[in-house]
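Taking it in order: structure first as structure tokens, then the write-up.
Bear in mind these aren't lab numbers, they're just calculated from the coordinates by the rules spelled out. Everything numeric in this text was worked out from a predicted model, so none of it was measured. Cβ coordinates were reconstructed from backbone atoms using ideal geometry, including for glycine residues, and neighbour counts include every protein chain displayed.
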Amino acid sequence: MDPIPETVDVLHRLKETERDPLVLAGLGALTDRVQQLVPSCVGLSIGMAESGLTLTFVSRQSRLSTLDALGYVAGADDDPPPGPVEVDDPLDPLDEEAWRRGSLAEAADGITSSLTIPLMESGAAIGAVSFYATDQDAFATRKDDLAHLCGAWADGAVANADLSFSSRLRAATGPAILDDQDRIDQAAGVAAEALGLPFEEARRRMRAASARAGISEANLARLLIDED
């Protein structure tokens, strides 16, 4: 599997700053091993809670359809792609098969199963890894193997929660998230110098101030930099 363009950008920038070493080691090998384990797996996303970043990888065979889907979301085409299944009748809340068909109707092109497994550290969730496949039963017997491979928590796995492959849309925001983080660091440096504070104390005060003001740290950073 290969990273989508936004993930390529994010990985290059993380490598330059060594901001998040968790994502820098062995991702290519990981995606290769996932495909060996589940041949019909065509997509993988890793989301990190602290940074808010999501990294997405897609198989070469599915890349065009995945990027086409992004084009539809961005409004590049007037008409949305047809879903693989059309469901006209209301869903019975007790009919699991009907719910599955409804999910398929909104699924990304070719995706018929997904599996999301939380990543844990010291008992706390630090992110999640999601897998996407073209085979409806691709993950039926592979949950534990995939969790072990990724160091994830198998008991927290959720099946078919993201057949629309929405994580790829979060991954597309990665460069903007890093831009905001750079702006916040710049503003913290300005505040630290102006107030004679250590950088980390300036960052702490920015977090507290943005929470009290009800605005994001990125917007507060813009105000501080503009006023400088």
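Run the quick spin-label model on Phe199 and Asp145: label points 7 Å from Cα toward the beta carbon, then report their separation in nm to one decimal.
Placing both labels 7 Å along Cα→Cβ, they lie 4.4 nm apart.
Rounded to a whole number of µm²/s, how large is the Stokes-Einstein D of region 176-227 at 20 °C and 1.002 mPa s, given Rh as the Kirkwood radius over C-alpha pairs?
201 µm²/s
Using 0.36 nm times the number of residues separating His12 and Ala213, minus their current alpha carbon distance, what extension gain do you get?
69.0 nm
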